[in-house]
1. Any idea which residue in segment 167-188 is modelled with the highest pLDDT, counting only those that are closer than 20 Å to THR153 by Cβ and more than 16 Å from the chain's Cα centre (by Cα)?
2. Residue under question is ALA113, and the condition is that it be out of contact with any Gly (no Cβ under 7 Å at 6 or more places or on another chain) and open to solvent by 20 Å² or more (accessible area, probe 1.4 Å); does it hold?
3. Since ALA118 meets every condition but one in (1) more than 18 Å from the chain's Cα centre (by Cα); (2) in a helix (DSSP H, G or I); (3) not β-branched (Val, Ile, Thr), which condition does it not meet?
4. Among the residues of segment 94-150, count how many are free of Cβ contacts under 8 Å to residues at least 60 places away in the same chain and either aromatic (Phe, Trp, Tyr) or touching an Asp or Glu at 6+ places or on another chain (Cβ under 7 Å) (or both).
5. Can you tell me which residues in segment 139-153 are farther than 15 Å from GLU178 by Cβ and crowded, with 17+ Cβ neighbours inside 10 Å?
6. With LEU135, LEU84, LEU164, LEU142 as the choices, which residue is modelled with pLDDT of 95 or more and out of contact with any Gly (no Cβ under 6 Å at 6 or more places or on another chain)?
Amino acid sequence: MSDGDAAGNRNPAGKKHPVLLDCCGGLNNVDYSKMDLTFMEEVLKHINFNDSSFCIAVIAIIFNPLFWNVVARWEHRTRRLSRLFGSPYLACYCLGFVIILLNACRSHSMTIAMKAQAKWEVMVRTDVFYTGIALMVLGTLLVVSSFLALGFTGTFLGDYFGILMDEKVTGFPFNIIENPMYWGSTANYLGLALIGASPVGLVLTAIVAVAYKVAVRFEGPFTGQIYQERSQRRKHE
């Protein structure tokens, strides 16, 4: 019997009660036409979606996680990069530096897009500026501490190259948030958008968050599978 059926059976016969919304399934019953979208409409009014710098930034945002996931899975399946460079460590270092360069290009393209488009006067406030500063400090803390906890190969997909960690990292910042590298980077971009009073920066940051969310959905299960395969091999040794 489902929870919905059980709830229905507790109602006296013949009496109808309004169905309460649950946290997820009940969203289908929400009347979105009554939602206040004024803020979003105001943000979108200040953005030129046809601007070339905006389009380049969006392409860079989407391309980066797609690139490293495709290349890393290809390496895991074929070991071509490891054979090409003569070492899985060297291959991982090279891919890591390429990812760093791509992320630098993404940050540059987002900065150019924010400078090319108008500021929003509502965001030109001291409290918004300092909130942006705080987000960038937090984001940098998450990114740096995550890198120090994982090391270079742990950060840049070393497990796809067969460079596996002995145990799962559970210390800071992984004990307070999952995927701190991704969300720290997102916090940095949001902080930059607030500092620059840039509505296009807010939209680009939202796209970054969605791109990372999708990447996590693909990376998490695959990485778990890699470590599960190692555990199975150890059991048979």
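The values are calculated or read from the model by the stated rules, or taken from the named source; none is laboratory data. Please read these numbers as outputs of a predicted model, since none were measured by experiment. All Cβ positions, glycine included, derive from the backbone under ideal geometry; neighbour counts span all protein chains shown. Each accessible area value is taken on the protein alone, full model and side chains, heavy atoms only, with ligands, DNA and RNA left out. Shrake-Rupley method; radii C 1.70, N 1.55, O 1.52, S 1.80 Å.
1. PHE172
2. no
3. Here ALA118 clears every test but (2).
4. Residues flagged as free of Cβ contacts under 8 Å to residues at least 60 places away in the same chain and either aromatic (Phe, Trp, Tyr) or touching an Asp or Glu at 6+ places or on another chain (Cβ under 7 Å) (or both) within segment 94-150 amount to 3.
5. Listed by number, the residues that qualify are GLY139, THR153.
6. LEU84
A quick yes/no check of all residues on (1) closer than 15 Å to ILE207 by Cβ; (2) open to solvent by less than 30 Å² (accessible area, probe 1.4 Å); (3) in contact (Cβ under 8 Å) with a residue 40 or more places away in the chain; (4) out of contact with any helix residue (DSSP H, G or I) (no Cβ under 6 Å at 6 or more places or on another chain):
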| site | (1), (2), (3), (4) |
| --- | --- |
| ASN50 | no, no, no, yes |
| PHE67 | no, no, no, yes |
| ALA72 | no, yes, yes, no |
| PHE85 | no, no, no, no |
| CYS92 | no, yes, yes, no |
